[in-house]
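Working notes, beginning with the structure itself.
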Ligand code: ADP
Ligand code: MG
């Protein structure tokens, strides 16, 4: 058996007890697992601090000195160990609250130690809790270690004898036994040469025990590349495999499309819209199933692109459907698309849970007979009784609300080929994320807003400005505009949040009393019918103010609304704020987004708010979000697990990712099955480690 696959309990310094801890706490079972858990930082062993220079904010420090006194205080669970540590400049207290009996036996008064820990201040007195202790003599012998690794750990590990120092010892023991042959190269040799990467063995040794910053950098680059390269290789393989799925060929641009383009289209398409339509047409002409993601900021005009794609389907004799995640959105699409198609010979149907009885039956009959060309609606479209005559295209709006299983149902609605799929999303995703998350898809981006839009003005205000904000709302309403006031609502504090919303609603009612003013209120706890009723009152202009939770976040279109007031802004995420802001600025008037917050804000909240004030560009905001929160927290990415990188960082490693993807694509172009000898190691590696992507695929 390969050493890497052996049980960690046989490693020097581990044993069954510690092995169990590592299993439970960190899911580390084999030597390979252990090797693959990289340090998250390093202690610079070349620098020593002097005790008389230490201050409250010195942070983590390394000291060299002698242990002077060792005293146990208290009994039982409250027992703690304190020590005095002295160098040539002064002395400081050390203190331990756990593992006391073990430490008492290990530590020796009068002996020189090198210690490492974080300076703590309590009533002006400095101390170091739980320092790492290393005998200076032992430390001397390991001259080669310039940086000592620190591994991700847990409280349990730290107190049960698997602290940083022991982890390091175990790793050192592991490397004593590890042979370069155990870690065969997995990258093609010509790549290792081209990028001057250290070998795989070398890179792993360095990542655990670097001797210099420069060496560490090289190892990191290689390991990041490796991680991203194999993921891209796999994603591109999936994509190529999918390219083998037959699809309907929409070869003709016919009368429907042309008539719409020449006579009905009320404006000139933007360059970005034209480019995306060309990309889609190219897909549709290939007799291969299209799987395309269309990204575009709110208001960038995705609907029209979707509609024109549907017209292409019709030109080629196929039906098309458009799915939206909510009834309101589906209705909106139905109305706007029906309006666009006015005077054209296209039958558009609407289907949702609210379409019942005879109406539903009649619609389904006409759909099955091919008399309805476009079906627009909610998830209801996916239900089994809904049968198309010949579905050729399915478009989904705001994709992350649809699960994989639901998408699979779409497939079954068409035969012999699956329908072409276009997924539209208004949640801009940073390029690096898109390449990873949707790496197996074709992605189109509308990165340009239609001309003549006025930038939404975004302002940051607090309670002191409340009266001015109310006054401003009054002015805007006097001009005939409408206002949204949005409150956060999270499940954990739902009752409190609803109370907050209710209080805000009542306060607004006092400021904006009937009969001059009418206010709508909408939140997730309301019955769907009541919600729709309140929404409709706002949409039709009967109410001037809409007080709501984030239920209005996605896609709602009320062009007359020009002010978006967001309460407790600090509680919203960046992309959510951007989505909310996108509800205004849809008409011709100047629109405003007012971010209300408390005075005291965390650094991150400040950063989020200032990003919102600075830019309206959704892609820029998504980049900022990625930097602030990391890829795992970006909306719509949570389920995927694909983003749990060991070392790569999508917020920072964009260039490595780009290179990895290009290299992977080139290799698959030349050698699709990875059959050449120089690609065998990569192929083998993929087969062995590509498991996490098995069965994983977007959309279809
Ligand atoms: P989104 O991408 O958010 O779904 P929509 O498709 O709803 O955006 O379009 C937003 C608004 O912009 C709509 O009122 C639409 O008619 C208008 N629009 C779309 N494309 C253009 C264009 N090229 N020129 C002018 N207005 C456009
Ligand atoms: Mg839209």
Given the conditions (1) over 30 Å from residue 11 (Cα atoms); (2) part of a helix (DSSP H, G or I); (3) under 42 Å from the mean Cα position of the chain (by Cα), which single one is not true for residue 52?
-> (3)
Inspect the range 337-351 for any residue being within 16 Å of ligand 1 (Cβ to nearest atom), buried (at least 23 other Cβ atoms within 10 Å of the Cβ) and outside any helix (DSSP H, G or I) and give the result as yes or no.
-> no
Would the range 199-211 turn up any residue that is under 30 Å from residue 291 (Cβ atoms) and crowded, with 20+ Cβ neighbours inside 10 Å?
-> no
Would a scan of the range 96-114 turn up a residue that is in contact with a strand residue (DSSP E or B) (Cβ under 6 Å, 6 or more places away or on another chain) and under 28 Å from residue 217 (Cα atoms)?
-> yes
Number of the condition not met by residue 328 [criteria: (1) free of Cβ contacts under 8 Å to residues at least 12 places away in the same chain; (2) away from ligand 1 (no atom under 11 Å from the Cβ)] = (1)
State yes or no: is residue 410 farther than 19 Å from residue 543 by Cβ and crowded, with 18+ Cβ neighbours inside 10 Å?
-> yes
Restrict the check to the range 55-74 and report whether at least one residue is part of a helix (DSSP H, G or I) and assigned by TED's automatic domain parsing to the domain that holds residue 108.
-> no
Residue count, the range 385-414 (criterion: part of a loop (DSSP other than H, G, I, E, B) and modelled with pLDDT of 90 or more) = 6
When the range 338-366 is examined, which residues are found to be out of contact with any strand residue (DSSP E or B) (no Cβ under 6 Å at 6 or more places or on another chain) and under 21 Å from residue 307 (Cα atoms)?
-> 339, 340, 341, 342, 343, 344, 345, 346, 347, 366
Looking at residue 450, is it buried (at least 21 other Cβ atoms within 10 Å of the Cβ), part of a loop (DSSP other than H, G, I, E, B) and touching a helix residue (DSSP H, G or I) at 6+ places or on another chain (Cβ under 9 Å)?
-> no
State whether one or more residues within the range 312-324 are surrounded by 20 or more Cβ atoms within 10 Å (Cβ to Cβ), within 30 Å of the chain's Cα centre (by Cα), at pLDDT below 95 and within 12 Å of ligand 1 (Cβ to nearest atom).
-> yes
Buried (at least 23 other Cβ atoms within 10 Å of the Cβ), touching a residue at least 12 places away in the same chain (Cβ under 8 Å), more than 19 Å from the chain's Cα centre (by Cα) and more than 16 Å from ligand 1 (Cβ to nearest atom) - does that describe any residue in the range 429-443?
-> no
The listed residue being surrounded by fewer than 17 Cβ atoms within 10 Å (Cβ to Cβ), within 32 Å of the chain's Cα centre (by Cα) and part of a helix (DSSP H, G or I), out of 217, 193 = 217
With criteria (1) over 27 Å from residue 629 (Cβ atoms); (2) within 16 Å of ligand 2 (Cβ to nearest atom), residue 530 comes up short on (2)
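Conditions tested, residue by residue: (1) part of a helix (DSSP H, G or I); (2) under 22 Å from residue 557 (Cα atoms); (3) at pLDDT below 85.
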position	(1), (2), (3)
606	yes, no, no
610	yes, no, no
621	yes, yes, no
652	no, no, no
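The values are calculated or read from the model by the stated rules, or taken from the named source; none is laboratory data. All values derive from a computational prediction rather than experimental measurement. Every residue, glycine as well, gets a Cβ built from its backbone with ideal geometry; the counts of neighbours run over all protein chains shown.
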